[in-house]
Amino acid sequence: MITRSSSFWVRWLLGAIAFFFFLASGRALGAAGLPTLKIHTLELPNGLHAVMVERHDAPVVTVEVWYHVGSKDEQPGKTGFAHLFEHLMFDGTKTLGEHFSDYIVRAGGIDNAYTTDDATVFWETMPSSNLPVALWLEADRMRNLDINQGTLDNEREVVNEERRQRFDNPPYGTVIEKLYQHAFTIHPYRHLPIGSAKDLNSATLQDVKEFYDTYYVPNDATVVIVGDFSLEQAAASIKKYFAPMPRGTHSISPSIPVEPPQTAEQIVKLVQNVALPAFVEAYHIPADGTPDSYPLELVSKILSAGDSALIYRKLVYQKQLALQADSSANFSEDPNLFFVFAVMNNGRSLAEGEAAVASVLDRLKDRPPSEQELQRAKNQVFFELAQDQETSKSLAEQLGYDSVILKSPDLINTEASRFLAVTPEEVQAVMKKYFVRRNMTLLEVYPNQTGKGTLNSEGGAH
Amino acid sequence: MNGNSAVRRRAVAGVAWALVVLWMGPQLSAREFPPTVPPPEAISFRLPVVQQLPNGLRIVLIERHDLPLLTLYAIVGRGAEADPPNLPGTAEMVADLLPEGTKTRSALQIAQAIDQAGGTINTGAGWDESFANVSLLSDHKELAFNLLSDLLIHPEFAPQEIERIRRQTLSALDIVTQDPSYLADVVLRRFLYAGTPYAHSEDGTPEAIRHITRKDLVAFHAQNYMPSQTILAVVGDITKQQCLALATRFFGPWKDRAADQPQPAIKLPVPRARQVIVIDKPDAVQTEIRVANLAIPRTSPDYYALTVANQVLGGPAANRLFEALRTRRGLVYGASSDLKCYSAIGAWIAKTSTRSAESVKATEMILDQMKRIRTHPISGQELETAQSYLVGHQALEFESPSQIANQVLEMLMYHLPLDYWNQFPQRIRALNTADVLSATQKYFLPDDDVIVLVGDVSAFKKNLKKLGAVQVIPIAEASRAFPKPEKGSAAYSESGE
């Protein structure tokens with residue numbers, strides 16, 4: 001794959017989708033040339049899980065705490081709560097006041113958090129002697145968070161700024177949000193983790209306290225530790241700081257509606273203040289870890305990983321229709337979407353781009369990929385999986401995702417074989433099964449140029 | 001699919017152990033503060049192998065054998081600052097075209113080769129550097145050296161590839177000039193570094209991109225890409241013998257040429273009265289804000305004190321700007337500042353973005369913080385926190401071989417002493433609050449700064465004069481605020497105030 005990393009269109013495109021796709025490539029394999037990791041797990045009586053991998057190549061440790069609550073657990077009218085709550089977790093505890101970050105900073109560490117559809121993740125990377133400090137701090141805010149009206153009001157404003165900065169202000173910033181609103185009818189993936197400003201503005205102190213009591217409990221949490229530490233000491237610290245906490249008393253599994261199969265193609269047209277036309281095709285795909293997810297991941301590589309991949313070669317290189325064209329399987333805990341998208345070059349129409357994508361997809365439906373094409377895709381997946389193990393942080397991400405979302409803490413050691421076993425015919429089969437018009441939502445973005453177009457700002461779905 | 005039995009067995013054993021701890025463990029009320037731990041060990045940084053080929057190419061090797069990966073980073077010591085004055089964007093276009101064809105390989109053949117090896121090629125131009133990286137599965141070692149040397153030494157600059165990249169660049173410029181954050185950075189650069197080779201966007205302007213010819217590209221490559229100005233970092237699953245053999249075979253034939261006359265010394269701009277530039281984007285819901293002063297080149301002795309000052313004011317992790325604008329007021333999502341140090345010039349830049357109506361207030365709060373840090377010494381505790389962050393954080397900067405390579409490349413590129421990283425902790429710890437104060441008084445000049453706002457002026461117009469004399473430029477004319485393709489500091493004066 002060739003990227004011109006300092007090239008700004010690549011930066012821009014990655015920026016536009018980065019927040020959204022944060023965990024999209026979350027996968028790992030553990031055969032054929034990758035180290036087999038010794039993965040240690042632990043479960044406390046209060047339901048807290050821990051997953052640990054020791055690595056002593058650098059005096060650094062990463063701690064992640066995964067709460068199995070994301071935007072898909074939010075009820076209608078309360079969207080954005082999981083993410084708002086992520087912010088509140090930095091605003092102080094009854095025990096320590098607002099000094100959480102002092103302990104991270106003084107150690108030279110870094111910390112942050114993120115919220116996806118499926119989970120909320122808090123992490124610290126620290127010089128390794130600070131492991132007990134990180135665990136203490138995480139345990140403290142799991143139990144003793146100081147939630148008050150002042151911090152709630154403040155974080156609400158901060159999140160509103162985040163929304164403006166990431167979605168409302170940048171070109172194409174709201175495209176993905178619109179797409180999900182149309183592609184899903186009842187499943188909560190139809191709203192993004194950022195939620196709606198209206199819902200956030202109506203959140204009460206009682207609401208967020210309830211959210212904390214329900215989800216920020218040991219039986220909803222998984223602690224991941226990777227790096228330079230001793231297993232015995234880490235286990236002792238986990239028990240010392242987390243075991244005294246009682247199990248949560250609320251039910252943490254709301255029933256999430258199952259999205260019915262799509263029965264007809266949808267086309268959504270947007271007019272936005274952008275320079276170039278763009279389109280996104282979204283196809284419903286099954287959940288991560290299902291058998292079809294492996295050939296589908298390889299499909300995304302065959303289509304768009306690298307300049308010799310089919311979509312890039314056709315749209316960007318040969319026909320020069322598009323500034324950028326890409327595809328991505330957004331796997332998650334529940335069935336999600338596979339995207340194919342392109343930003344057209346100046347003077348090129350959406351119809352030309354869509355026709356070119358259709359011809360590429362048809363080719364893979366009509367005949368399976370060549371052995372060489374498939375091997376290339378497997379090598380690319382393998383390369384990414386190796387890269388995921390380069391730092392304690394990237395490896396902790398993998399282990400957390402595998403443990404919490406896929407319920408297989410040691411998947412990293414075995415998943416390679418699942419990719420390597422995929423046959424050309426299996427690739428063709430998933431192409432035929434999922435890449436059909438009735439399973440697709442097409443979103444087109446038209447530039448709002450003066451004197452052009454009379455489309456409504458959000459044309460109805462057909 | 002609930003894990004396998006081995007996992008379950010471990011989990012069950014864990015539960016039994018946990019029960020014991022639970023009964024014997026301390027009560028929650030006993031803990032009010034995090035445990036005290038020993039300070040991090042100082043990182044003893046061992047300089048990796050550095051070899052030089054007869055043609056002057058320097059090679060840095062950092063081995064790591066547990067993962068089947070190999071990455072080659074090549075840094076050429078000239079970037080966008082070497083763009084011809086009338087053709088900003090040349091260095092970037094040269095770098096973009098490196099993987100688009102050589103004397104013996106087409107763009108598609110290069111793409112097929114790297115994709116088949118599972119890897120990536122990454123090229124670009126920054127300031128003081130252009131780079132080309134090849135990363136792939138380590139059973140393709142020879143291919144990595146072969147491809148990287150070919151695209152660095154023998155790029156073809158084929159006319160049809162030039163036209164393709166030109167077209168893409170023009171399309172991309174169309175998009176990013178609608179992006180308030182991008183615009184703010186470009187406009188700031190143009191005013192802050194006015195009169196120096198650092199005042200344009202490395203991406204170029206539409207006008208320049210249209211006019212760059214194959215001859216310009218070939219000339220830039222010939223003048224700036226040479227082995228004696230290049231550092232190659234080799235990272236990953238390869239031995240020293242393999243590395244040197246492959247480097248000699250593929251990079252050995254690269255002919256060095258006599259360096260040009262030394263670059264004329266840059267005339268540093270003299271701080272002048274505050275300049276406030278506002279780009280009016282009526283559809284913006286948020287204003288991008290930049291406040292900046294010229295500061296120091298990377299090798300300045302003031303680097304350490306200013307690094308500490310920046311750490312307190314707006315550096316990574318907790319800082320005064322974040323505290324004031326976000327934690328206390330909820331005005332912004334992010335607020336930070338950066339010390340950007342190039343070989344000949346540098347700047348201190350604060351950045352944030354806020355809802356349109358609060359644009360002026362947020363800007364004033366940044367200015368207040370600049371004033372405060374230069375009139376009152378930072379506290380002893382702030383100093384100690386910043387010092388211990390900077391020293392402790394070194395462990396994180398050197399965690400993976402790729403991170404180590406990047407640190408070493410920075411050291412070599414800026415001609416820092418070879419013991420630089422080992423000296424760094426004591427240099428930082430030697431500072432006192434008076435040292436930091438004198439650095440802030442020298443470089444944080446709130447009355448002589450450059451302020452750029454990109455947003456909907458109608459929402460903050462009435463407060464704008466609080467910031468001083470302002471020039472407002474409609475977004476349709478924003479290119480007026482871009483560097484004109486012409487020489488020297490004339491670019492500054494014609495914009496007026």
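Only aspartates and glutamates eight or more places from B:Lys361 in sequence, or on another chain, were considered; those with a Cα closer than 16 Å are A:Glu157, A:Glu161, B:Glu288, B:Glu323, B:Asp456. Measure up A:Lys365/A:Lys433; B:Lys267/B:Lys371; A:Lys301/A:Lys378; A:Lys378/A:Lys407; B:Lys340/B:Lys442 against 18 Å on the Cα-Cα distance and list the ones that go over. Violating the 18 Å Cα-Cα cut-off are B:Lys267/B:Lys371; A:Lys378/A:Lys407.
Of the beta bridges DSSP finds with both residues in chain B, what % are antiparallel, to the nearest 5? Given both bridge residues lie in chain B, the antiparallel proportion sits at roughly 75 percent.
Classified by the C-alpha gyration tensor, chain B has an oblate form. Its axis ratio a/c, with a ≥ b ≥ c, is 1.5 or above, and a/b does not exceed b/c. Spin-label model, B:Arg372 to B:His415: label points 7 Å out along the Cα-to-beta-carbon direction sit 4.0 nm apart.
Normalised by 2.2 N^0.38 Å, where N is the number of residues, the alpha-carbon radius of gyration of chain A equals 1.00.
Rg/Rh for the range B:280-349 stands at 1.07; both radii use Cα atoms, and Rh follows the Kirkwood definition. On the basis of the beta-carbon distance and an R0 of 35 Å, A:Lys407 and A:Asp102 show a calculated FRET efficiency of 0.45. Taking every alpha-carbon pair under 8 Å whose residues sit at least 6 apart, chain A reaches a relative contact order of 25 percent.
Per-residue mean of foreign Cβ neighbours for B:193-205 is 1 (Cβ atoms of other chains, 10 Å radius). Applying the criteria of a DSSP loop state and at most 14 other Cβ atoms within 10 Å to the GluC sites (Glu not before Pro) of the range B:38-113 yields B:Glu41.
For the residues of A:160-168, the average number of beta carbons from a partner chain within 10 Å of their own beta carbon is 6.
With the convex hull drawn over the C-alpha atoms of the range B:275-468, the volume per residue is 129 Å³. Find the Rg to Rh ratio for the range B:358-445, where Rh is the Kirkwood radius over alpha-carbon pairs and Rg uses the same atoms. Rg/Rh for the range B:358-445 comes to 1.08.
Looking at the protein assembly as shown, the DSSP beta bridges with both ends there are about 75 percent antiparallel.
A Stokes-Einstein calculation at 4 °C with viscosity 1.567 mPa s, built on the Kirkwood radius of the range B:241-312 over Cα pairs, returns a diffusion coefficient of 69 µm²/s.
Based on the Cβ-Cβ distance from A:Lys319 to B:Asp256, what FRET efficiency comes out when R0 is 30 Å, to the nearest 0.05? Once the sixth-power term is evaluated, E becomes 0.15. Annotation for B:Lys267 and A:Gln375: the two label points, set 7 Å from Cα along the Cα-Cβ direction, are 6.2 nm apart.
Rounded to whole Å, the principal axis extents of the Cα atoms in the range B:148-231 read 38, 30, 22, largest first. When the Cα convex hull of the range B:317-396 is projected onto planes of every orientation, the mean area is 6.9 nm².
Taking 10 °C and 1.306 mPa s as the conditions, I'd like the Stokes-Einstein D for the range A:132-200 in µm²/s, using the Kirkwood hydrodynamic radius from alpha carbon pairs. Translational D for this selection: 108 µm²/s.
Residues of the range B:99-138 falling in the label zone of A:Ser394, defined by backbone nitrogen less than 15 Å from a point 7 Å along Cα to beta-carbon, are B:118-122, B:134-138.
Based on alpha-carbon atoms, the Kirkwood radius and the radius of gyration of the range A:266-447 give Rg/Rh equal to 0.99.
Per residue, the convex hull spanned by the Cα atoms of the range B:49-251 amounts to 131 cubic angstrom.
Need one word for the range A:381-449: rounded, prolate or oblate. Basis is the Cα gyration tensor (sqrt eigenvalues a ≥ b ≥ c); a/c below 1.5 gives rounded, then a/b vs b/c decides. Oblate, because a/c is 1.5 or more while a/b does not exceed b/c. Cβ-Cβ distance of B:Asn463 and B:Thr299, R₀ of 30 Å, FRET efficiency by 1/(1 + (r/R0)^6): the value works out to about 0.15.
Mean sequence separation of contacting Cα pairs (under 8 Å, at least six apart), scaled by the length of chain B, corresponds to a relative contact order of 21 percent.
Estimated translational diffusion coefficient (Stokes-Einstein, Kirkwood radius over Cα pairs, 20 °C, 1.002 mPa s) of the range A:33-242: 117 µm² per second. Cross-link pairs exceeding 24 Å in C-alpha to C-alpha distance, out of A:Lys209/B:Lys351; A:Lys38/B:Lys240; B:Lys215/B:Lys255, comprise A:Lys209/B:Lys351; A:Lys38/B:Lys240. Compute the acute angle (0 to 90°) between the alpha-carbon long axis of helix A:392-404 and the principal axis of greatest extent of the alpha-carbon atoms of chain A; round to the nearest 10°. Roughly 90 degrees, rounded to the nearest 10. Taking label positions 7 Å along the Cα-Cβ direction at both B:Asp283 and B:Gln51, the computed distance is 5.6 nm, reported to one decimal.
State log₁₀ I(q)/I(0) for the protein assembly as shown at q = 0.07, 0.08, 0.10 Å⁻¹ as given by the Debye formula over alpha-carbon point scatterers of equal weight, solvent excluded. Here the Debye-derived log intensity ratios amount to -0.59, -0.80, -1.38.
Read-outs throughout are calculated quantities, based only on the coordinates presented, and are distinct from any laboratory measurement. Predicted, not measured: the structure shown is a model, and the values here were computed from it. Glycine gets a Cβ as well: all are built from the backbone with ideal geometry, and neighbour counts include every protein chain shown.
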